[in-house]
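Below is one structure, written out as structure tokens, with a few remarks after it.
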Amino acid sequence: MQIKSNPKLLITGVAGFIGSNLSAYFLSKNYEVVGLDNFATGHPHNISPFLGLPNFTFIEGDIRNLADCQKAVAGVDYVLHEAALGSVPRSILDPITTNEVNVGGFLNMLLAARDAKVKRFVYAASSSTYGDSENLPKVEEIIGKPLSPYAITKYVNELYAGIFSSTYGLETIGLRYFNVFGRSQDPNGAYAAVIPKFVLQLMQHESPVINGDGNYSRDFTYIDNVIQMNELAMLATNPEAVNTVYNTAYGDRTTLNELLGYLKDYLSEFDPRIANVPIINGPSRAGDIPHSLASIEKARRLLGYDPKFSIKEGLKEAVGWYWDNLSQAIVSEK
């Protein structure tokens, strides 16, 4: 595939955690970036550094509105579709809105991308698609039954992407994210991801609550590994690498107990009192998968994926970012 000097790409969910990190990276490489967001879960401060840049355009819009999608894809070479309503618990409480955004909005984006003749549509899939499959490590071709409305929506995305590839010739690649974490991830709110939530609680000397006994394990994946995967997927030239899905992970698993141990160690370097903050065990959470570990062999083979950040390396980077960005606010509140 011939890549022009300054490709134009659309990043949906641009004000979110992953979308804003992708934007920062591609803007630094002189791509022309269009960002779409309705701030349902994203934040204006995540995109404020980009607003004055000549190669960044922001569109405030909703993927549930086809006209907004059509406006956003106009003249675009690639789409990185990150917009979605995440969170298993939120989907259990409100399956209708989750479906409207994650399925209806996804279909709108596919239609808009097809009609605009974009070169490739790379989208955020999810490890939740593996459902009740007990196979470890998780390989892309073997999935189980979904365990939540959220998981259903992400699997439906894969099915729709496959149909748009086979029926309309739209090149698609799905990236099954495994517990992504890193800088700019929101620690607040009812549906905050576990790592930033734990970090904020420990910084405030509050006891984190683990769902269950803490022996559930996850393949925690640092944001820079995810950026690498998006770039590789977007620019892959091997025909075999397109119109499929990939695990996007590090390929190692960590229990929640181990995770909190690492966080306490790294945060204690800034504040020794954190080492003595007790941990509380609460009830298990409905819809949770007990263990998650990705095989990344398919991505290595077809995309040349080579993740640079292990869980420990990523946590050190993330903890430093949170300390630099949150510690002053915490002190002022006290």
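The values are calculated or read from the model by the stated rules, or taken from the named source; none is laboratory data. Because the structure is a prediction, the values reported are computed rather than measured. In this analysis, Cβ positions are derived from the backbone assuming ideal geometry, glycine residues included, and neighbour counts consider all displayed protein chains. The area values use the complete protein model at the heavy-atom level, side chains included, leaving out ligands, DNA and RNA. Shrake-Rupley method; radii C 1.70, N 1.55, O 1.52, S 1.80 Å.
Brief remarks follow.
- For the chain, the solvent-accessible area of protein heavy atoms averages 43 Å² per residue (probe radius 1.4 Å; ligands and nucleic acids excluded).
- Across q = 0.14, 0.15, 0.17 Å⁻¹, the range 1-79 modelled as identical point scatterers on its alpha-carbon atoms has Debye log10 I(q)/I(0) values of -0.40, -0.46, -0.59, in the order of the q list.
- Gyration tensor verdict on the range 234-334 (Cα atoms; rounded if a/c is under 1.5, prolate if a/b is larger than b/c, oblate otherwise): prolate
- With the cut-off at under 20 Å, measuring from each backbone N in the range 170-204 to a point 7 Å along the Cα-to-Cβ line of L53 picks out 182-186.
- Distance (nanometres) between label positions extended 7 Å along Cα→Cβ at S28 and A74: 3.1 nm
- For the chain, the longest principal axis of the Cα atoms and the long axis of helix 223-235 meet at an angle of about 10 degrees.
- Computed from Cα positions, the angle between helix 149-168 and the longest principal axis of the chain comes to roughly 20 degrees.
- Accessible-area composition of the chain, carbon plus sulfur, in percent [1.4 Å probe]: 51 percent
- The chain, relative contact order in percent, only Cα pairs under 8 angstrom and at least six apart counted: 16 percent
- Note on the chain: along the principal axes its Cα atoms extend 57, 46, 38 Å, ordered by decreasing extent.
- Given R0 = 41 Å, the distance between the Cβ atoms of E269 and R300 translates into a calculated FRET efficiency of 0.80.
- Cross-link table K71/K312; K71/K138; K8/K154; K138/K197; K154/K298, entries beyond 30 Å C-alpha to C-alpha: K71/K312; K71/K138
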